[in-house]
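Written below as structure tokens is the structure these notes are about.
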Amino acid sequence: MVRVRAPELPQYNWLNTDKPLLLKQLRGRIVILDFWTYCCINCLHVLPDLKYLEQKYKDSLTVIGVHSAKFDNEKDIENIRQAILRYDIEHPVLVDKDFRVWQEYAVRAYPSFMLIDPEGYVVASFMGEGKREILDELIQQIIQQHQDKGTINLQELDVILEKQRQPIITPLAFPGKVLATSSGLFIADTGHNRIVVTTLEGEVLHIIGSGQAGFKDDNFNIAEFLAPQGMTFDNQNQILYVADTENHALRKVDLRCQSVETIAGTGIQSRNLSFTQGHALDIALNSPWDLVKYDNLLYIAMAGSHQVWVMDLETNIIKTYAGTGAEACFDGELDTSVFAQPSGITINSNFIYTADSESSSIRAIELDTGKVRTICGSGDLYLFGDKDGIGEEVRLQHCMGVEYAQGNLWIADTYNHKIKLVNPITGECKTVLGSGASNSKFSEPSGLSIFGSNLYIADTNNHAIQHVNLNTFEVTTLKISGLCAPDFCIPNL
């Protein structure tokens with residue numbers, strides 16, 4: 001059998017390490033190269049598996065993330081650093097400029113893994129999610145083989161992490177979504193694993209969740225979330241519904257009782273892409289990213305399975321609503337249409353609208369007919385940019401937020417760092433806020449919400465909520481009084 005020597009890694013920019021790593025210097029260790037890009041939900045899904053393997057084999061395994069950017073915005077070193085901080089990545093990351101490493105290893109899809117033995121040979125390669133068990137078994141076999149040969153060097157590798165250089169101690173950390181209501185402002189403090197509730201002026205009313213990453217129902221102080229994102233509010237009953245994204249669950253927050261309850265999901269990621277229906281607590285979900293309530297129904301942007309789901313709050317039945325589970329952008333019927341990582345959802349009386357982030361397009365589902373159509377954007381996974389216009393000529397870049405208000409759609413065009421306005425009937429799209437449109441400057445805004453003449457923006461990488469007066473289009477950062485990061489609160493003396 002011909003053994004293939006792993007191509008050496010280039011001396012490009014590296015993150016999560018104080019110096020570039022060479023495979024020849026890692027002889028005696030097992031190496032996994034993880035080819036990823038930070039927009040990709042499938043790439044994010046494998047991070048817990050890699051962390052598990054890193055911790056289990058810390059004296060014999062080195063994981064190296066090879067970041068091969070899909071979107072232009074993902075080529076920026078600082079944006080990759082922010083993604084490493086956001087997703088708590090603890091292994092070295094090589095910035096794969098111009099896909100050089102991708103091509104040298106003949107990679108074809110995100111995510112992909114190359115397993116390299118202690119002598120520097122590629123011994124296996126895999127594509128896609130769900131490879132923890134097979135990698136675990138192979139690593140054990142390689143350790144045994146090379147212990148017998150005396151070619152393994154068992155010692156822990158020290159690296160300097162970005163979070164050691166740049167700890168996130170801001171009051172908010174990577175807020176993903178925001179929701180403005182008559183009862184206050186709800187902020188998904190995603191990086192701090194909690195929900196912050198303030199007045200519309202920024203006075204803290206509640207902090208929901210301990211701030212510890214976990215999956216626990218209880219009162220506001222004890223309950224735990226894991227990277228919560230989208231929210232929708234039942235004002236009459238004072239109930240907040242939360243997409244608890246990395247717990248693959250939906251949570252119900254009762255403001256009157258000050259309690260948190262899981263209403264859907266098992267806490268385990270589903271890998272089933274076919275039509276699913278059942279009692280909500282018995283059905284595994286796949287990275288719910290946003291949700292909206294209409295009558296007694298919750299419509300859910302299920303980013304991980306590239307679908308829209310629906311839950312009946314009276315019967316507690318949850319099911320697939322639209323999308324085959326494939327990742328693309330095809331219009332048609334509910335059961336034949338295809339979405340690409342829907343990350344934002346909103347509704348009016350006639351249509352559901354989604355921000356289809358991986359196809360950089362805005363989609364509509366007509367409630368009466370079940371027809372799915374693309375309002376604006378190319379609909380191509382690899383055709384994106386920053387261009388105003390009408391319909392298919394519009395270019396967005398990984399849009400993640402959408403809000404219907406007064407006949408228009410407001411769009412968080414996340415990787416263009418802009419807010420845009422779309423006419424849902426004509427498909428006309430124009431930039432209204434962000435670089436080039438005003439003095440405002442955002443960094444990967446991911447969510448927005450309108451209440452009256454006020455627009456609130458979750459300015460994710462700036463760790464802030466921006467407030468826009470829609471009468472003047474003046475942008476100010478919301479000052480949240482008395483809020484601090486969970487582990488950095490100074491007690492009153």
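The values are calculated or read from the model by the stated rules, or taken from the named source; none is laboratory data. Being a predicted model, the structure only gives us computed values, none of them experimental. Here Cβ is always computed from backbone atoms with ideal geometry, including for glycine, and neighbour counts include all displayed protein chains.
Could you please give the count of residues in the range 320-340 that are in a loop (DSSP other than H, G, I, E, B) and over 24 Å from G265 (Cβ atoms)?
Adding up the residues that qualify gives 5.
For the condition hydrophobic (A, V, I, L, M, F, W, C), surrounded by fewer than 16 Cβ atoms within 10 Å (Cβ to Cβ) and under 19 Å from L161 (Cα atoms), what is the one hit in L47, L26, L15, L22? Reasoning before the result, please.
Details: L47 fails: surrounded by fewer than 16 Cβ atoms within 10 Å (Cβ to Cβ); L26 fails: surrounded by fewer than 16 Cβ atoms within 10 Å (Cβ to Cβ); L15 fails: surrounded by fewer than 16 Cβ atoms within 10 Å (Cβ to Cβ).
Result: L22 is the single residue among L47, L26, L15, L22 that is hydrophobic (A, V, I, L, M, F, W, C), surrounded by fewer than 16 Cβ atoms within 10 Å (Cβ to Cβ) and under 19 Å from L161 (Cα atoms).
Condition check: in the same structural domain as T17 (by TED's automatic domain parsing), of a type outside the set (S, T, Y), in a loop (DSSP other than H, G, I, E, B) and modelled with pLDDT of 95 or more. Does A124 satisfy that? Can you show your working first?
Numbers: in the same structural domain as T17 (by TED's automatic domain parsing): yes; of a type outside the set (S, T, Y): yes; in a loop (DSSP other than H, G, I, E, B): no; modelled with pLDDT of 95 or more: yes.
No: the conditions fail for A124.
Given the criterion out of contact with any His (no Cβ under 9 Å at 6 or more places or on another chain) and either surrounded by fewer than 22 Cβ atoms within 10 Å (Cβ to Cβ) or at pLDDT below 95 (or both), identify the matching residue among I168, I239, I208.
On the way: I168 fails: out of contact with any His (no Cβ under 9 Å at 6 or more places or on another chain); I208 fails: either surrounded by fewer than 22 Cβ atoms within 10 Å (Cβ to Cβ) or at pLDDT below 95 (or both).
When all the criteria are applied, what remains is I239.
Any residue at all in the range 77-97 that is over 29 Å from Q269 (Cβ atoms) and without any contact (Cβ under 8 Å) to a residue 24 or more places away in the chain? Break it down into steps so the answer makes sense when it comes.
Of the residues in the range 77-97, the ones over 29 Å from Q269 (Cβ atoms) are 77-78, 97.
Checking which are without any contact (Cβ under 8 Å) to a residue 24 or more places away in the chain leaves us with 78.
Yes, some residue in the range 77-97 is over 29 Å from Q269 (Cβ atoms) and without any contact (Cβ under 8 Å) to a residue 24 or more places away in the chain.
From the list E156, E162, E119, which residue is more than 30 Å from Q82 (Cα to Cα) and among the charged types (D, E, K, R)? Can you show your working first?
Numbers: E156 fails: more than 30 Å from Q82 (Cα to Cα); E162 fails: more than 30 Å from Q82 (Cα to Cα).
Matching residue, one of E156, E162, E119: E119.
With respect to I268, is the statement that it is touching a residue at least 40 places away in the same chain (Cβ under 8 Å) and among the aliphatic types (A, V, I, L, M) true? If you could, list the steps in order and put the result at the bottom.
Working: touching a residue at least 40 places away in the same chain (Cβ under 8 Å): no; among the aliphatic types (A, V, I, L, M): yes.
Spelling it out, it is not the case that I268 is touching a residue at least 40 places away in the same chain (Cβ under 8 Å) and among the aliphatic types (A, V, I, L, M).
Which of the numbered conditions does M127 fail, given that it passes all the others? Conditions: (1) over 30 Å from A69 (Cβ atoms); (2) surrounded by fewer than 18 Cβ atoms within 10 Å (Cβ to Cβ).
Answer for M127: the failing condition is (1).
For the range 26-53, which residues satisfy the criterion of being over 17 Å from D88 (Cβ atoms) and either at pLDDT below 95 or of a type in the set (V, I, T) (or both)?
Selection gives I30, V31, I32, T37.
For the range 242-277, which residues satisfy the criterion of being among the small types (G, A, S), in contact with a strand residue (DSSP E or B) (Cβ under 7 Å, 6 or more places away or on another chain) and either loosely packed, with under 14 Cβ neighbours inside 10 Å or farther than 25 Å from V402 by Cβ (or both)? So that I can check it myself, show each step before the final result.
Step one: list which residues in the range 242-277 are among the small types (G, A, S), which gives 243, 249, 259, 264-265, 267, 270, 274.
Checking which are in contact with a strand residue (DSSP E or B) (Cβ under 7 Å, 6 or more places away or on another chain) leaves us with 243, 249, 259, 264-265, 267.
Listed by number, the residues that qualify are S259, G267.
Return yes when L22 is aliphatic (A, V, I, L, M), under 21 Å from G191 (Cβ atoms), in the same structural domain as H146 (by TED's automatic domain parsing) and out of contact with any His (no Cβ under 8 Å at 6 or more places or on another chain) and no when it is not.
Numbers: aliphatic (A, V, I, L, M): yes; under 21 Å from G191 (Cβ atoms): no; in the same structural domain as H146 (by TED's automatic domain parsing): yes; out of contact with any His (no Cβ under 8 Å at 6 or more places or on another chain): yes.
So L22 fails the test.
Can you pull out the strands (runs of 3 or more DSSP E) entirely within the range 243-318 that have at least 1 residues that are among the charged types (D, E, K, R) and under 17 Å from I352 (Cβ atoms)? Give the steps one after another, and end with the answer.
Values: elements: 249-254, 259-264, 277-279, 288-294, 297-302, 307-312.
Passing ranges, in order: 288-294, 307-312.
Hey, does the range 91-102 have a residue that's surrounded by 18 or more Cβ atoms within 10 Å (Cβ to Cβ) and charged (D, E, K, R)?
Within the range 91-102, one or more residues are surrounded by 18 or more Cβ atoms within 10 Å (Cβ to Cβ) and charged (D, E, K, R).
Considering each residue of the range 130-165, count those that are surrounded by 19 or more Cβ atoms within 10 Å (Cβ to Cβ) and free of Cβ contacts under 8 Å to residues at least 24 places away in the same chain, and give that number.
So the answer is 0.
One line per residue, one yes/no per condition, for (1) surrounded by 24 or more Cβ atoms within 10 Å (Cβ to Cβ); (2) within 23 Å of L44 (Cβ to Cβ); (3) not assigned by TED's automatic domain parsing to the domain that holds F384:
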residue: V310; (1), (2), (3): no, no, no
residue: T324; (1), (2), (3): no, yes, no
residue: A328; (1), (2), (3): no, yes, no
residue: V338; (1), (2), (3): no, yes, no
residue: P342; (1), (2), (3): yes, yes, no
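Quick one: L297 ticks every box in (1) surrounded by 23 or more Cβ atoms within 10 Å (Cβ to Cβ); (2) free of Cβ contacts under 8 Å to residues at least 60 places away in the same chain bar one, so which box is it?
Against the list (1) surrounded by 23 or more Cβ atoms within 10 Å (Cβ to Cβ); (2) free of Cβ contacts under 8 Å to residues at least 60 places away in the same chain, L297 comes up short only on (1).
Give the range 194-212 a look and list any residue that's in a loop (DSSP other than H, G, I, E, B) and touching a Gly at 6+ places or on another chain (Cβ under 6 Å), or say none.
Pass one, the range 194-212, residues in a loop (DSSP other than H, G, I, E, B): 199-202, 209-212.
Result: T199, single match.
Answer yes or no: is there a residue in the range 269-278 that is of a type in the set (K, R) and at pLDDT 95 or above.
Let us first name the residues in the range 269-278 that are of a type in the set (K, R), namely 271.
If we keep only those that are at pLDDT 95 or above too, we end up with none.
So far as the range 269-278 goes, no, none of its residues is of a type in the set (K, R) and at pLDDT 95 or above.
Only one of these is touching a Pro at 6+ places or on another chain (Cβ under 7 Å) and of a type in the set (A, V, I, L, M, F, W, C): I64, I80. Name it.
Values: I80 fails: touching a Pro at 6+ places or on another chain (Cβ under 7 Å).
After ruling out the rest, the residue left standing is I64.
So which residues in the range 108-128 are of a type in the set (V, I, T) and in contact with a helix residue (DSSP H, G or I) (Cβ under 8 Å, 6 or more places away or on another chain), if there are any at all?
I116, V123
Which condition from (1) assigned to a strand (DSSP E or B); (2) within 25 Å of the chain's Cα centre (by Cα); (3) surrounded by fewer than 24 Cβ atoms within 10 Å (Cβ to Cβ) is the one that K441 breaks?
(1)
Scanning the range 213-228 for residues that are outside any loop (DSSP other than H, G, I, E, B) and not aliphatic (A, V, I, L, M), which turns out surrounded by the most Cβ atoms within 10 Å (Cβ to Cβ)?
Within the range 213-228, the subset outside any loop (DSSP other than H, G, I, E, B) is 213, 216, 218-219, 224-225, 228.
Next, from what is left, pick out any that are not aliphatic (A, V, I, L, M): 216, 218-219, 224-225, 228.
Numbers: K216: 14, D218: 14, N219: 12, E224: 19, F225: 31, P228: 28.
Only one residue fits best here, namely F225.
Within the range 341-394, which residues are small (G, A, S), in a loop (DSSP other than H, G, I, E, B) and closer than 20 Å to E444 by Cβ? Write out each step before concluding.
First pass over the range 341-394, keeping only residues small (G, A, S): 343-344, 349, 355, 357, 359-361, 364, 370, 377-379, 385, 389, 391.
Narrowing further to those that are in a loop (DSSP other than H, G, I, E, B): 349, 360, 370, 377-379, 385.
Scanning the range 341-394 gives S360, G377, G385.
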